[in-house]
Amino acid sequence: MSAGKRGALIIFEGCDRSGKTTQSRLLVELLKSKGIPALPMNFPERSSSIGQVINSYLTNSKDLKDEVIHLMFSANRWEHMNQMKQKLLEGHTLVVDRYSFSGVAYSSAKGLDFDWCYAPERGLIKPDAVFYLRAPPNDLTNRGQYGEERYEKVEFQSRVAKVFDRLCANEASYWHQFDASQPVDELHARIASITEELLPTVATQPLDTLS
Ligand code: FDM
């Protein structure tokens, strides 16, 4: 990529088992196959010391107050911001499995105030696109490994889905909603086409922050 051209920050969001991980992998593979520098990332990023606490919480080996774990998820994003900014400015496109919106959706689904949940996310790098894979939570239970981690309960996931819907409506300018039950290849083709249009458009735009 030529000097001054940045990469895009692309986020996949949705309930557990909605296909985010598969779609983000396919997108990274496609971009790389076209010679476009692309890096996969995911939040929570479980290897840092904060990430390890989050992992213990998610696997039910540690209990924390809802507010505390919420702020740890946010801190986990903040601790990666400098590195993400540097990669984007070097021209790498970052394809990220979950971001601030999962933070808001899961914590407000537990009953925490929506605006309180959003507040620590303000100032993080704003995504250029969010691909929201939307599926009725009852459909999601048929997918592999559902039910092993703390939040993988249908009733809870349907509350999470409602918050994602609200975020999608609020942030419509850069959110793209897809039916997660469509065939993997068709979904990938749609996502690929939006991404290919997006990359040259954002390449010369400055990075923005969530507000
Ligand atoms: N999760 C994820 C949150 O509750 N808050 C957050 O900020 C993020 C990024 O962590 F149940 C939840 C969503 C999910 C769990 O995510 C782990 P993965 O994608 O299954 O690793």
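The values are calculated or read from the model by the stated rules, or taken from the named source; none is laboratory data. It should be emphasised that the depicted structure is a prediction, and the values quoted were computed from it without experimental measurement. Using ideal geometry, Cβ is built from the backbone for each residue, glycine included, and neighbour counts are taken over all protein chains shown.
Values computed for the structure shown
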quantity: Segment 81-113 - residue that is part of a loop (DSSP other than H, G, I, E, B) and surrounded by 21 or more Cβ atoms within 10 Å (Cβ to Cβ) and, of those, nearest to the ligand (Cβ to nearest atom); calculated: Arg98
quantity: Odd one out for Asn55, checked against (1) assigned to a loop (DSSP other than H, G, I, E, B); (2) within 12 Å of the ligand (Cβ to nearest atom); calculated: (1)
quantity: Count - residues of segment 1-16 that are part of a loop (DSSP other than H, G, I, E, B) and within 16 Å of Pro200 (Cβ to Cβ); calculated: 8
quantity: Selection from segment 17-50 of residues that are among the aliphatic types (A, V, I, L, M) and in a loop (DSSP other than H, G, I, E, B); calculated: Ile36
quantity: Flag for His70 being within 14 Å of the ligand (Cβ to nearest atom), surrounded by 13 or more Cβ atoms within 10 Å (Cβ to Cβ) and either over 13 Å from Ile125 (Cα atoms) or among the hydrophobic types (A, V, I, L, M, F, W, C) (or both); calculated: yes
quantity: Residue ID - surrounded by the fewest Cβ atoms within 10 Å (Cβ to Cβ), chosen from residues in segment 15-49 that are in contact with a Gly (Cβ under 9 Å, 6 or more places away or on another chain) and more than 21 Å from Gln157 (Cβ to Cβ); calculated: Pro37
quantity: Residue identified as free of Cβ contacts under 8 Å to residues at least 12 places away in the same chain and in contact with a helix residue (DSSP H, G or I) (Cβ under 7 Å, 6 or more places away or on another chain) among Leu30, Leu64; calculated: Leu64
quantity: Qualifying residue in segment 34-47 (condition: among the small types (Gly, Ala, Ser) and within 14 Å of the ligand (Cβ to nearest atom)); calculated: yes
quantity: Selection count where residues are β-branched (Val, Ile, Thr) and modelled with pLDDT of 80 or more, scope segment 126-151; calculated: 1
quantity: Tabulated pairs, segment 44-59, first without any contact (Cβ under 8 Å) to a residue 60 or more places away in the chain, second of a type in the set (Asp, Glu) and near the ligand (Cβ under 10 Å from one of its atoms), C-beta under 7 angstrom, 6+ apart or interchain; calculated: Gly51/Glu45
quantity: Search result, residues across segment 177-203 that are crowded, with 17+ Cβ neighbours inside 10 Å and in contact with a Phe, Trp or Tyr (Cβ under 8 Å, 6 or more places away or on another chain); calculated: Gln177, Phe178, Leu187, Ile191
